[in-house]
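Beneath this line is the structure, given in structure tokens, with notes to follow.
The numbers here are math on the coordinates, done by the rules we state, and not lab data. Model, not experiment: these values are computed from the prediction. Cβ: placed from backbone, ideal geometry, glycine included. Neighbour counts: every protein chain shown.
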Amino acid sequence: MSTFRISEAATLLGVSDDTVRRWVDAGRLPTSGDPGRRRTIDGAALAHFAEQLASSGDRARATPVVSESARNRFIGLVTRVVRDTVMAQVEIQAGPHRVVSLMSREAADELGLEPGSLAVASVKATNVVVEIPEAS
């Protein structure tokens, strides 16, 4: 199972290291120690927390963009994998964004995708739907 250091968790959640430490100290995020005596967070627990954070409206700040490519890349944690005999549905929580991918079961198995795994969703679409929100 994947584990993440405080700084890695902060990057994935889009917050500062100090914010993650405060959440740990407040008991919102469970930690354990690694052989170097650093605090680590279990990947599955971090994925669950990322889902709760995204749905609570307590949105993480967007990090500044330093470079970009033709594809949109969402770095996040796998929160759910549903497999049948042929296909798999994989959900990734990337900050406040939930990305869902449908792929072959074989691909999901080969990638070792499980809740708590670190993953990057690369999105390249030919169609983008644009909606106008209701004015407040």
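Checking each residue in the stretch 6-57 for being farther than 20 Å from residue 92 by Cα and of a type in the set (S, T, N, Q) picks out 16, 19, 31, 32, 40. When residues in the stretch 1-43 are screened for being polar (S, T, N, Q), within 20 Å of residue 97 (Cβ to Cβ) and touching a helix residue (DSSP H, G or I) at 6+ places or on another chain (Cβ under 8 Å), 3 of them pass.
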